[in-house]
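**Q** Mind having a look at this structure? Questions to follow.
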Amino acid sequence: MTIVTANEFNSNSQKYFSMAVNSEICIKDDNYMFHLTGNPIDEQMILQPDDDLRRAITLDELFDGARNHIKTIFTKNLIII
């Protein structure tokens with residue numbers, strides 16, 4: 001395993017990507033440590049669209065729903081008071 005600083009990796013990234021094919025590279029900065037390996041990607045690991053993704057909503061839809069929900073709660077509380 002080769003340990004390099006984040007600055008060294010940024011300066012010579014192509015060198016370390018090439019090295020990662022045969023050995024593990026550890027990139028270290030003040031707070032974190034990352035491991036770079038040259039393991040090939042298994043096609044089964046790549047997520048395909050599924051029913052969960054088809055049911056997903058956009059951020060705008062989430063905000064609209066939350067805004068409407070808050071308005072409903074606020075309106076109900078005004079009537080109770």
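The values are calculated or read from the model by the stated rules, or taken from the named source; none is laboratory data. Please read all numbers here as calculations on a predicted model, not as lab measurements. Neighbour counts are summed over all protein chains in view; Cβ atoms, including those assigned to glycine, are modelled from backbone coordinates with ideal geometry.
**Q** State which residue is nearest to Glu8 (Cα to Cα) when the search covers only region 25-45 and only residues that are part of a loop (DSSP other than H, G, I, E, B) and in contact with a strand residue (DSSP E or B) (Cβ under 8 Å, 6 or more places away or on another chain).
**A** The qualifying residue nearest to Glu8 (Cα to Cα) is Asp29.
Conditions tested, residue by residue: (1) surrounded by 10 or more Cβ atoms within 10 Å (Cβ to Cβ); (2) not in a helix (DSSP H, G or I).
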{"site": "Ile3", "(1), (2)": "yes, yes"}
{"site": "Gln14", "(1), (2)": "no, no"}
{"site": "Phe17", "(1), (2)": "yes, no"}
{"site": "Ser23", "(1), (2)": "yes, yes"}
{"site": "Leu47", "(1), (2)": "no, yes"}
{"site": "Arg54", "(1), (2)": "no, no"}
{"site": "Asp64", "(1), (2)": "yes, no"}
{"site": "His69", "(1), (2)": "yes, no"}
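**Q** Now a separate question. For residues that are modelled with pLDDT of 90 or more and among the charged types (D, E, K, R), tally how many sit in region 19-28.
**A** 1
**Q** Separate question: Residues to consider are Ala56, Ala66; find the one that is modelled with pLDDT under 90 and of a type in the set (Gly, Ala, Ser).
**A** Ala56
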